[in-house]
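The values are calculated or read from the model by the stated rules, or taken from the named source; none is laboratory data. The structure displayed is predicted, hence computed values, not measured ones. Backbone-built Cβ (ideal geometry, glycine too); neighbour counts: all protein chains shown.
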Amino acid sequence: MKMNLKLQSDYYNNLDSFFYQKILPNKFENGELIFLNYELALKLGIDPNFLKENYKIFLGDLDNLKDINPIAMAYSGHQFGHYTRLGDGRAILLGEYKDAFGVLWDIQLKGAGKTKYSRRGDGLCTFSSTIREYIISESMHYLGIDTTRPLAILKTGHPVYRYGAQAGGLLVRVSKSHIRFGTFEYAYEAGGDDRVKQLADYAIERYFPEFKDKRAKYFLFLEKIVDTQAQLIAKWMSKGFIHGVMNTDNMNISGETIDYGPCAFMDYYNPDTVFSSIDYFGRYRYRNQPNIGRWNLSLFVQIFKNLVGESFHQRSALVALYESFMPLYEKYYLKEMLKKIGINKIREGDKELIDMLLKLLEKYRTDYTNFFYELTLGIREEKIFQTKEFLEFESLWMARIKKIGLNAINSRMRNNNPKIIPRNHLVERAIKEAEEGNFNFVKEFLEYLKAPYEYEEYLPKEFKEPMPYEDLVSYKTYCGT
Ligand code: AMP
Ligand code: MG
């Protein structure tokens, strides 16, 4: 076990300062450690006790961290379809950490103060938004969805002014990468092809070294990004997750879910579900996520048009690349959905079977998570189970799975149908109580969220119940910056 947090800064910092600003995090003298993610620290090979004793390194006290060069990264992004220059306005990359397997992890402080990319923002986070991100991103991890993870939450002891004064928070975020689609957009728009090449070479060297010496390395890189996005969005959809702000600055090239703002899980199955208070036209509604994935990739891929070559053939190959997203996505999505009903290989007619089921869930306003949970256990409480249409579906389903072993069906369903998701009203309750200084509920909630597929373990009813429909229709989530 490494005793301390040895951070390196010789990776992204080797790029030209065009890509970042060197900057020290704010020093918060009166800050305190609120949550430490022991599991994650141990997974990384960092002694949690070291972090507990030295939490001030996350509050700007860098005396014990040698040779580090924190930076704020530059990036742009298409926000709700419009190009904007952005950058880490309230996040600072403290350094890169190499685990025992040689994997590099970014350790980032969210809410660590102003940078040159802050525009009119204060560079700070509310304590409530850090709790929200901690709960949802940890839950995503345990649901089996690639994501950035929270290592710690701290209170800064410094008020943050939103609608009145609120407690300030700081989230320590760990991820494989903080290179966004928007980082490439920035390189292209502010620098041109040479800058794109520098960034792509860096990203290939760090994340896909197997492509480094290949002639078609940029093409292979893009192919990988298209594939990981297709897999990621398929996972989101199959678990009912709505990211809420799929702007290109919030899409990570590592395929990790990043930037937990107004995201939320769908309760009742309705493909038009949108929670975000700023998504007036439902651009990022549940059903639109794959389309937006394709849209984002079409922009991303075009950035490489001069790097892969100018011939008609090369350009057509690029177009074909992003056009391959939708069929790929559909394949991954169908596979994920079939696992939920115990099937592992796609056969003709399977798509129709899933479509039939989803139409019923929508018609009978059925809770998405609880339906699959009950289906797995053979409980029949949801009213949909009493309908003639469900019985029709069931007989088709039974015929389809007739030749699959019962154990295989059962374990596949148990491993893919979570019994718990971070429901909105519970997240709200956890935040409210934490703001009042009571962390019992957050802790209890997190313990259950860490075991979504443990069917043997008891889960109190309050963690399963959706918000009443009447409340849900008007429920909104906020970026909560
Ligand atoms: P987000 O909506 O969190 O994806 O952020 C979009 C952009 O706004 C990013 O460039 C952020 O760094 C920036 N931003 C968000 N909140 C703040 C803040 N409080 N202070 C400075 N910049 C911010
Ligand atoms: Mg963002």
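Looking across region 425-460, the residues that are aliphatic (A, V, I, L, M) and over 17 Å from T126 (Cβ atoms) come down to L426, L446, L449, A451, L459.
Taken as a whole, the structure places E185 among residues that are under 21 Å from H78 (Cβ atoms) and charged (D, E, K, R).
Output the residue which, of all residues in region 1-22 that are assigned to a strand (DSSP E or B) and closer than 30 Å to Y38 by Cβ, is modelled with the highest pLDDT. Let's see the steps before the verdict.
Step one: of region 1-22, the residues assigned to a strand (DSSP E or B) are 2, 8, 20-22.
This time we only want the ones that are closer than 30 Å to Y38 by Cβ, so: 2, 8.
Numbers: K2: 48, Q8: 71.
The qualifying residue modelled with the highest pLDDT is Q8.
Scan region 234-252 and tell me whether some residue there is of a type in the set (F, W, Y), within 16 Å of ligand 1 (Cβ to nearest atom) and either touching a Ser or Thr at 6+ places or on another chain (Cβ under 7 Å) or part of a strand (DSSP E or B) (or both). Spell out the reasoning first.
So the first thing to find is which residues in region 234-252 are of a type in the set (F, W, Y), and the list is 236, 241.
Then drop every residue that is not within 16 Å of ligand 1 (Cβ to nearest atom), which leaves none.
No; the residues of region 234-252 include none that is of a type in the set (F, W, Y), within 16 Å of ligand 1 (Cβ to nearest atom) and either touching a Ser or Thr at 6+ places or on another chain (Cβ under 7 Å) or part of a strand (DSSP E or B) (or both).
Any residue that is surrounded by fewer than 18 Cβ atoms within 10 Å (Cβ to Cβ) and under 30 Å from L59 (Cα atoms) - is there at least one of those in region 220-239? No: zero hits.
Does at least one position in region 290-302 carry a residue that is basic (K, R), over 22 Å from E470 (Cβ atoms), outside any loop (DSSP other than H, G, I, E, B) and touching a helix residue (DSSP H, G or I) at 6+ places or on another chain (Cβ under 8 Å)?
Kept after step one, since they are basic (K, R), are these residues of region 290-302: 294.
Those still in the list that are over 22 Å from E470 (Cβ atoms) too: 294.
Right, trim to outside any loop (DSSP other than H, G, I, E, B) and you get 294.
Keeping just the survivors that are touching a helix residue (DSSP H, G or I) at 6+ places or on another chain (Cβ under 8 Å) gives 294.
Yes, some residue in region 290-302 is basic (K, R), over 22 Å from E470 (Cβ atoms), outside any loop (DSSP other than H, G, I, E, B) and touching a helix residue (DSSP H, G or I) at 6+ places or on another chain (Cβ under 8 Å).
Scanning region 233-269 for residues that are touching a Phe, Trp or Tyr at 6+ places or on another chain (Cβ under 9 Å) and among the aliphatic types (A, V, I, L, M) returns I233, A234, M237, I242, V245, M246, M251, I253, A264, M266.
Given the criteria more than 30 Å from L171 (Cα to Cα) and in contact with a strand residue (DSSP E or B) (Cβ under 7 Å, 6 or more places away or on another chain), does L338 qualify?
Details: more than 30 Å from L171 (Cα to Cα): yes; in contact with a strand residue (DSSP E or B) (Cβ under 7 Å, 6 or more places away or on another chain): no.
Spelling it out, it is not the case that L338 is more than 30 Å from L171 (Cα to Cα) and in contact with a strand residue (DSSP E or B) (Cβ under 7 Å, 6 or more places away or on another chain).
Quick one: in region 418-466, which of the residues that are part of a loop (DSSP other than H, G, I, E, B) and aromatic (F, W, Y) is surrounded by the fewest Cβ atoms within 10 Å (Cβ to Cβ)?
At the first step, the residues of region 418-466 found to be part of a loop (DSSP other than H, G, I, E, B) are 418-423, 436-439, 450-460, 464-466.
Keeping just the survivors that are aromatic (F, W, Y) gives 439, 453, 455, 458.
Values: F439: 15, Y453: 18, Y455: 17, Y458: 6.
Only one residue tops the list, namely Y458.
Taking region 82-164 as the region of interest, the strands (runs of 3 or more DSSP E) fully inside it that hold 2 or more residues being under 25 Å from L446 (Cα atoms) and either more than 13 Å from ligand 1 (Cβ to nearest atom) or of a type outside the set (V, I, T) (or both) are 104-110, 149-155. Restricting attention to region 48-68, the residues being of a type in the set (K, R), surrounded by fewer than 17 Cβ atoms within 10 Å (Cβ to Cβ) and under 21 Å from I34 (Cβ atoms) number 1.
Taking the condition more than 30 Å from F439 (Cα to Cα), in contact (Cβ under 8 Å) with a residue 40 or more places away in the chain and more than 16 Å from ligand 2 (Cβ to nearest atom), does I131 pass?
Values: more than 30 Å from F439 (Cα to Cα): no; in contact (Cβ under 8 Å) with a residue 40 or more places away in the chain: yes; more than 16 Å from ligand 2 (Cβ to nearest atom): yes.
In short, no.
Screening R195 against (1) within 13 Å of ligand 1 (Cβ to nearest atom); (2) among the basic types (K, R); (3) farther than 28 Å from P422 by Cα leaves a single unmet condition, (1).
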